[in-house]
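**Q** Dumping the structure here so I can ask a few things about it.
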Amino acid sequence: MITLYDAERCPYCARVRIVLAEKGLEYETVVIDLADRPAWLYEKNPLGKVPVLEDDALCLPESAVIMEYLEERYPEPALLPADPADRALVRLAIERFDNALGDAYYAFRRGDDDGSDRLTHCLSFFERQAERWLERYSLAEIAYLPWLIRLRDLLGFDLTPYPALVERLDQLCERPAVAAELVIVAALSQ
Ligand SMILES: N[C@@H](CCC(=O)N[C@@H](CS)C(=O)NCC(=O)O)C(=O)O
């Protein structure tokens, strides 16, 4: 049995939800109130953060690690390319998203003075990389999609200066696993 310790607002949890949905895996959800999180969460993740995934005896935090675990444990349908070089580029993209887009998003959401500039810089970079990174659906896209969806639908950030990202976002929103996230984010914004 798979259990996901989850928070709907959390884009890192959204990554895991999308991978679980793409792979058609059944799982239980335990919703964590991050404003009043239970003490036992620290036993599952010493950092006290979500997502945490349990799969039988395994207890695993960190969204990027969880995505890779799910890919290896449940390989179909594949969300990593077959070629080792291509797989390495997907991992590189995930690393870049974590270090750049994630931080810029939170700076913007907090209202930091440089939040908007950092986000613009980051999205411009992704826009230029879009052709290379976005040619095939993979964990790399699942890694950044939750932030784009939240920027557009929750924070009202204008994505029109990034047409390649917008086009790809629109395409991907037709996938049921991604469309389910749109419903979750729409409920958050009400
Ligand atoms: N590097 C972690 C980040 C997870 C994370 O920051 N989750 C947030 C919710 S979006 C959280 O649990 N925050 C609680 C806190 O920072 O104390 C991952 O990729 O899973």
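**Q** Which percent of Cα-Cα pairs in the chain sits in each 5 Å bin, short to long?
**A** Bins of 5 Å from zero give 1, 7, 16, 20, 21, 17, 10, 5, 1, 0 percent of pairs.
**Q** For the stretch 81-151, report the convex hull volume of the alpha-carbon atoms normalised per residue, in Å³, without decimals. Could you put the intermediate results ahead of the total?
**A** Details: hull volume 5.0 nm³, N = 71.
Taking the convex hull of the Cα positions in the stretch 81-151, it is 70 Å³ per residue.
**Q** Ordering R110, R17, R87 from largest to smallest accessible area (1.4 angstrom probe), what's the sequence?
**A** Working: R110 155, R17 15, R87 60 Å².
These residues rank, largest area first, as R110, R87, R17.
**Q** Can you tell me which of 20-26, 71-77 comes out highest on packing, and rank the rest after it, using the mean Cβ neighbours within 10 Å?
**A** Details: 20-26: 15.6, 71-77: 12.4.
Descending mean neighbour count gives 20-26, 71-77.
**Q** Separate question: Rounded to two decimal places and with Rh computed the Kirkwood way over Cα pairs, what is Rg over Rh for the stretch 99-190? Could you put the intermediate results ahead of the total?
**A** Details: Rg = 12.8 Å, Rh = 13.5 Å.
Using Cα coordinates only, the ratio equals 0.94.
**Q** Would you mind working out the magnitude of the charge dipole of the chain relative to its Cα centre, with +1 at each Lys and Arg C-beta and -1 at each Asp and Glu C-beta, to the nearest 20 Debye?
**A** My answer is approximately 240 debye.
**Q** In addition: Rounded if a/c is under 1.5, else prolate if a/b is larger than b/c, else oblate: which is the stretch 1-99, with a ≥ b ≥ c the root eigenvalues of its Cα gyration tensor? All intermediate terms of the calculation are to be shown ahead of the outcome.
**A** Numbers: a/c = 2.13, a/b = 1.57, b/c = 1.36.
Verdict is prolate for the stretch 1-99.
**Q** Would you calculate, for the chain, the mean residue ellipticity at 222 nm contributed by helices, counting each DSSP H stretch of 4 or more residues as -39,500 (n - 2.57) and dividing by all residues, to the nearest 500?
**A** Numbers: 9 runs with 105 residues, N = 190.
Roughly -17000 deg cm²/dmol at 222 nm, from the helical runs in the chain.
**Q** Just to confirm my understanding: which cysteines in the chain have no other cysteine beta carbon less than 4.7 Å from their beta carbon?
**A** So far as the 4.7 Å Cβ criterion goes, C59, C122, C173 stand without a partner in the chain.
**Q** Which sequence of W40, W147 reflects their accessible areas, 1.4 Å probe, from the largest down? Please report the intermediate quantities before stating the final value.
**A** Working: W40 100, W147 5 Å².
In descending accessible area the options line up as W40, W147.
**Q** If you rank R150, R109, R168 by how much accessible surface each has, with a 1.4 Å probe, what is the order from largest down?
**A** Details: R150 0, R109 115, R168 40 Å².
The ranking, largest first, comes out as R109, R168, R150.
**Q** Please list 154-161, 169-176 highest first by mean number of surrounding beta-carbon atoms within 10 Å per residue. Spell out each step's value before the answer.
**A** Numbers: 154-161: 11.9, 169-176: 13.6.
Per-residue mean Cβ counts within 10 Å order the peptides as 169-176, 154-161.
The values are calculated or read from the model by the stated rules, or taken from the named source; none is laboratory data. Predicted model, so just to flag it, every value in this text is computed and none were measured. Virtual Cβ from ideal backbone geometry, glycine too; neighbours counted across all protein chains shown. Surface areas here come from the heavy atoms of the whole protein model, side chains and all, with no ligands, DNA or RNA. Shrake-Rupley method; radii C 1.70, N 1.55, O 1.52, S 1.80 Å.
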